Structures are given as C-alpha cells and as structure tokens.
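Structure first, then comments.
The values are calculated or read from the model by the stated rules, or taken from the named source; none is laboratory data. These numbers come from a predicted model, not from an experiment. Here the Cβ is made from the backbone with ideal geometry for all residues, glycine too, and neighbour counts use every protein chain on show. These area figures cover heavy atoms from the full protein model, side chains too; ligands, DNA and RNA do not enter into them. Shrake-Rupley method; radii C 1.70, N 1.55, O 1.52, S 1.80 Å.
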Amino acid sequence: MFNESTQWDKYIEKPRLVFYGIGLLLMHGSYSALVDTSQSQLTSLLYPLNWFIFLSGIMLSQITWTKKFRNVFIPKIQEKLKKKNNFSLSATNDQLKELYRGLVNYDMILTEKTDKDDFIKVFKEDWYSHQSKIHFKLDAPSCREFYELLKVTFPKNTMSVIDFFKRSDTIHREDGKPYKYSTVKDAKSRTPISKKSEELKTIFSRL
C-alpha cells in the first residue's frame, strides 16, 4: 500500500475504503474463532467457515490495489452513479419519425416550432446539448396521456413526470410556455380520459 504512488481521488478512494471496512469487519469477526483453542464440537465444524470468512476479508482488502479494480470496477460504478440528463428512450429513430408523423396528422404538434429533427433530439440526446423543444398543441390531460402511452410503448426509459414536464425543459405548450408541473401531475386523477385519448391511442398503436 505505502509503496503504491497515488493521489487522492474520491471516486476511487471512497470505494476502496468501503472494501477495506468490509474486509476488516470480516477478519475481526472471524479471528476470535480461529484462535480459540477450547472449541466445542459445533464450533469446530464452523472452523473452516471462519477461515473462509477471514480469507475473504483479506481478499477484499487487497483487491482494491489491482488494475481490474481501477480499470473495470470503478468505471462501472461511476457510470451507474452518473446522473443522466436524457430520457434514455429505447425507441428507434424510425419509430420516433412515425410518432411525429402521427402527431402532425392529428394536428397535435406545432410544426412551425418543432420539426422532425427537434422531436428526435429531445427524446434521444442530452437535454443540455441542444436547444430543441417540443411544442404540443395539447391540453394538460392530453399531454399527460401522451406521456403515459410513451412510457408503456417504450418501457426501457428513465422518464418520470417531473423530468418530462419540468427538469428537462423540453416539453412546451403551443404558446411556448412549459406545462405547469402541478397541473400535469394531477391531470390523470381529474381527467382519466383526455380529449385526445382515441387519437393518441391510434397513433401509438401504429408503432
């Protein structure tokens, strides 16, 4: 450990300390059983298990200095902890183009402010990497139903109501203003079936 030259990096050292803590607890918890000379028959049967626990503690303490820990384990942890500023929608570009076409046909989107490329960018790219917005020609209950159908149709996503209508700042009304989050959040309880329900179901059934 002391011969290893390294600088403090919280993304590496904090997981390393966690491994050390678990390893020391395992060694400490099993050590007394290993050195106890007056063992009963039951404890003697557990003797190999205590050795396994003790050696596991040593392994956890040492594995943190391997290249695999730094180059494989740490990047995976960083990727999982990294906040993603996108919807992670599993839809293909062709499916989004078809969805856009359906919204245009039923006059549910303001094409003057939202073209096909804008529509795709909002759903596929990082929210802060572009200036594209989707301007729906839908009231709050209808837009909430669009959101629900989108989640059901493409279940692999990270969309939440607050991300979709507030944090992303990509879903706007026809007048350019964002939907009021509190209104959209409660829209389903007040209006279970929106004005555009049948049209929305038809659009999504074609995907």
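Taking all protein chains as they are arranged and a probe of 1.4 Å, the heavy atoms of residue 199 leave approximately 60 Å² accessible to solvent.
Of 100, 128, 31, the residue with the greatest mean-square motion in the GNM of the chain, using alpha carbon springs below 10 Å, is 31. Site pair residue 148 and residue 117 shows an inter-label distance of 3.5 nm when each label is modelled 7 Å from Cα along Cα→Cβ.
Quick one: among 13, 98, 148, which has the greatest mean-square fluctuation in a GNM of the chain with alpha-carbon springs under 10 angstrom? Greatest mean-square fluctuation among the candidates belongs to 13.
Could you size up the charge dipole of the chain around its Cα centre, putting +1 on the beta carbon of Lys and Arg and -1 on that of Asp and Glu, and report it in debye to the nearest 20? Could you put the intermediate results ahead of the total?
Details: 34 positive and 24 negative charges, 36 e Å.
It works out to roughly 180 debye.
Modelled this way, with points 7 Å down the Cα-to-C-beta line, the labels at residue 130 and residue 169 are 1.7 nm from one another.
Comparing 181, 20, 47 in a Gaussian network model of the chain (Cα springs below 10 Å), the most mobile by mean-square fluctuation is 47.
Using a cut-off of 20 Å between alpha-carbon atoms, which aspartates and glutamates can reach residue 166, once sequence neighbours fewer than 8 places away in the same chain are excluded? Cα-Cα hits under 20 Å: 118, 125, 126, 139, 145, 148, 174, 175, 186.
Here each label is just a point 7 Å from Cα along the line to Cβ, and for residue 205 and residue 88 those points are 3.2 nm apart. Running Debye on segment 93-205 with equal point scatterers at the Cα sites and no solvent, what base-10 log of I(q)/I(0) appears at q = 0.14, 0.19 Å⁻¹? Log-scaled intensity ratios, in q order: -0.51, -1.02.
Along each principal axis, taking the top coordinate minus the bottom one, the Cα set of the chain gives 83, 43, 31 Å in descending order.
Across the options 157, 19, 146, the greatest Cα extent toward the positive end of the charge dipole of the chain (unit charges at beta carbon of Lys, Arg, Asp, Glu) belongs to 146.
When you restrict to C-alpha pairs under 8 Å that are six or more residues apart and normalise by the size of the chain, the relative contact order lands at 18 percent.
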